[in-house]
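Every number here is computed from the coordinates shown, using simple stated rules; none is lab data. Note that the structure is a prediction, hence the values are computed from the model and not measured. Positions of Cβ are backbone-derived with ideal geometry, glycine not excepted, and every protein chain shown enters the neighbour counts.
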Amino acid sequence: MKETKSNYCEYCGEFHDFVHDHYSLVKVGEPVPDFQFEAYHEGAIKTMSFSSLRGKWVVLVFYPADFSFVCPTELEELAELYPEFKKAGAEIVSMSTDTVYTHKAWRDASEGIKKIAYPMAADPSGKIASAFGVLVEGEDEAMLTPDEGLALRGTFVMDPAGTLRTMEINDASIGRKGAETLRKLKALQFVDAHKGKVCPASWEPGDDSLEPGLGLVGKL
């Protein structure tokens with residue numbers, strides 16, 4: 001393919017055969033790039049950014065679309081768990097490629113979405129979804145790609161310093177479990193508070209943790 005200026009990635013500066021070849025700008029263990037975005041929250045449109053959320057844990061939840069099917073079940077479940085996330089010092093931010101006006105209309109129309117008290121962020125350009133590797137993009141500009149322009153179901157947990165600590169990406173057909181995201185958050189907080197400790201499978205607060213070392217090799 002002929003190299004043209006448009007094929008040089010705006011994120012990494014490298015040449016890609018297709019622009020969407022640059023799948024993700026974020027990596028676990030590295031700081032999340034700062035983005036500014038609008039959110040519908042507490043009955044108003046607010047301008048937010050990831051840097052404005054520093055100092056608290058952030059659970060960023062991408063979903064495909066407002067007025068859809070699996071999405072309201074996920075977001076309503078998170079709304080019911082929101083007090084537990086707040087108690088753990090975390091903020092939830094939901095995000096789709098809809099506009100803030102669509103978010104408001106959906107909240108007005110749906111009893112389940114009315115329960116949401118966390119910010120509902122908008123990414124109509126798809127830039128943030130693309131940076132997080134969840135934007136559905138087409139191979140050919142002239143051909144229809146199902147769900148093109150929508151986000152996959154991606155969950156990203158950032159620590160108070162803005163470092164990405166865990167991520168999960170599902171296709172649109174599979175709903176997530178909010179309680180599992182809360183469990184992962186609490187596990188991350190535990191290992192941060194107890195240096196040298198790690199959490200085994202299905203660890204819950206109060207369960208035994210592990211301390212890796214030669215004495216433990218072969219005993220599990």
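Descriptive notes on the structure:
- On inspection, Val191 does not qualify as surrounded by 15 or more Cβ atoms within 10 Å (Cβ to Cβ), of a type in the set (Val, Ile, Thr) and under 17 Å from the mean Cα position of the chain (by Cα).
- First in region 39-51 and within 16 Å of Ser96 (Cβ to Cβ), second anywhere and assigned to a strand (DSSP E or B) and among the aromatic types (Phe, Trp, Tyr), Cβ under 8 Å, 6 or more apart: Met48/Phe37
- Among the conditions (1) within 23 Å of Gly89 (Cβ to Cβ); (2) part of a loop (DSSP other than H, G, I, E, B); (3) of a type in the set (A, V, I, L, M, F, W, C), the only one that Met167 does not satisfy is (2).
- Taking each residue of region 75-86 that is within 9 Å of Ala117 (Cβ to Cβ) and touching a residue at least 12 places away in the same chain (Cβ under 8 Å) and looking for partners that are of a type outside the set (Val, Ile, Thr) and surrounded by fewer than 18 Cβ atoms within 10 Å (Cβ to Cβ) with beta-carbon atoms closer than 9 Å, six or more apart or interchain, yields Ala79/Gly112; Ala79/Lys114; Ala79/Lys115; Ala79/Ala117; Tyr82/Lys115; Tyr82/Ala117.
- Selection within region 102-127 - assigned to a helix (DSSP H, G or I), closer than 23 Å to Leu152 by Cβ and in contact (Cβ under 8 Å) with a residue 60 or more places away in the chain: His103, Arg107, Lys127
- Options Tyr101, Tyr118: the member that is over 16 Å from the mean Cα position of the chain (by Cα), under 22 Å from Ser68 (Cα atoms) and aromatic (Phe, Trp, Tyr): Tyr101
Residues are listed down the side, and each one gets a yes or a no for (1) under 27 Å from Lys56 (Cα atoms); (2) in contact with a strand residue (DSSP E or B) (Cβ under 9 Å, 6 or more places away or on another chain):
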site: Glu141; (1), (2): no, no
site: Leu144; (1), (2): no, no
site: Gly162; (1), (2): yes, yes
site: Asn170; (1), (2): yes, yes
site: Phe190; (1), (2): yes, no
